[in-house]
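What follows is a single structure, written as structure tokens, with notes after it.
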Amino acid sequence: TVRMRTLVGPGLLLFLWQSIWALDVPLETRQPPTIIKQSLQEHIVDPKETMVMECEAKGNPHPIFSWRRNGKYFNVARDSQVSMRRRSGTLDIYAKHNPEQYEAEYQCVASNLYGSAYTHKIRLRLYRPPVWPREILEPVIISAGLPLVLPCDAPPGPPKPETYWMSSSFPTMQAVRQDRRVSMGVNGDLYFSNVLVNDSTTDYCCSSTFSHDHLMITFCRKHLWQELKRAPWIFEDF
């Protein structure tokens, strides 16, 4: 009796181990598709390079892939600038001509005999190098105690910039201290509930940082034009 327990015990454990192992191996089971890799929902790409939209899925049998663009079937095979990778739903877009036509909302579908799986909706947007408008900021004459708004007007992107305000009194520059009197709005503009005479002693710079593909670009819209040798705001007590 003791000997039989010794023989049966390991055999039962081996059987249980093989059963659990089989559940983790797609080749040993029949599985509906599962998405395992996909691009971000806000997917910003450089049109000068190959634009890649990722879609990977597992299942048994191995799933087939298709795409929707703006809610309608996207016939990848008929687009000479688009190809789908083998045994994958990932798209490579070689947009040498009119890349703007690919700015749209996409969704990848992986299907087999046992069902379908969908990626989230992917909004493809083209990266646009930020460009500040060339302009001359006219001086603003305002009475002390009145409210004032300094516009930022940062390039919209994409990607959306990180905006902050700096003030400088030669030779130092520091972040604008925000409080109940001075604050930055959601649109990036700087709001003064009431200006003080001391506010005119510093220059104000709206700085916007754009990050894309591990590259950071910072622009500054400075409300003082060195070429004009004059401050953009003149505060007066009337």
From the option list Arg221, Arg230, single residue qualifying as modelled with pLDDT under 80, buried (at least 18 other Cβ atoms within 10 Å of the Cβ) and among the basic types (Lys, Arg) is Arg221
Of the candidates Tyr94, Tyr118, Tyr106, the one satisfying the condition of being in contact with a Phe, Trp or Tyr (Cβ under 7 Å, 6 or more places away or on another chain) and not small (Gly, Ala, Ser) is Tyr106
Residues within region 121-163 that are under 21 Å from Ile44 (Cβ atoms) and either at pLDDT 85 or above or touching a strand residue (DSSP E or B) at 6+ places or on another chain (Cβ under 6 Å) (or both), tallied
15
Restricting to region 177-208, name every residue that is open to solvent by less than 70 Å² (accessible area, probe 1.4 Å), of a type in the set (Val, Ile, Thr) and at pLDDT 75 or above.
Val182, Val195, Val197
I'm checking my understanding of the structure. Among residues of region 68-117 that are of a type in the set (Lys, Arg) and in contact (Cβ under 8 Å) with a residue 12 or more places away in the chain, which one is surrounded by the most Cβ atoms within 10 Å (Cβ to Cβ)?
Arg68
Can you find, within region 161-176, the residue that is nearest to Gly145 (Cα to Cα) among those that are open to solvent by less than 40 Å² (accessible area, probe 1.4 Å) and of a type outside the set (A, V, I, L, M, F, W, C)?
Ser167
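The values are calculated or read from the model by the stated rules, or taken from the named source; none is laboratory data. Just so you know, these numbers come straight off a predicted model, no measurement behind them. Heads up, the Cβs are rebuilt from the backbone with ideal geometry, glycines too, and the neighbour counts pull from every protein chain shown. Heavy atoms of the whole protein, side chains included, go into the accessibility calculation; ligands, DNA and RNA do not. Shrake-Rupley method; radii C 1.70, N 1.55, O 1.52, S 1.80 Å.
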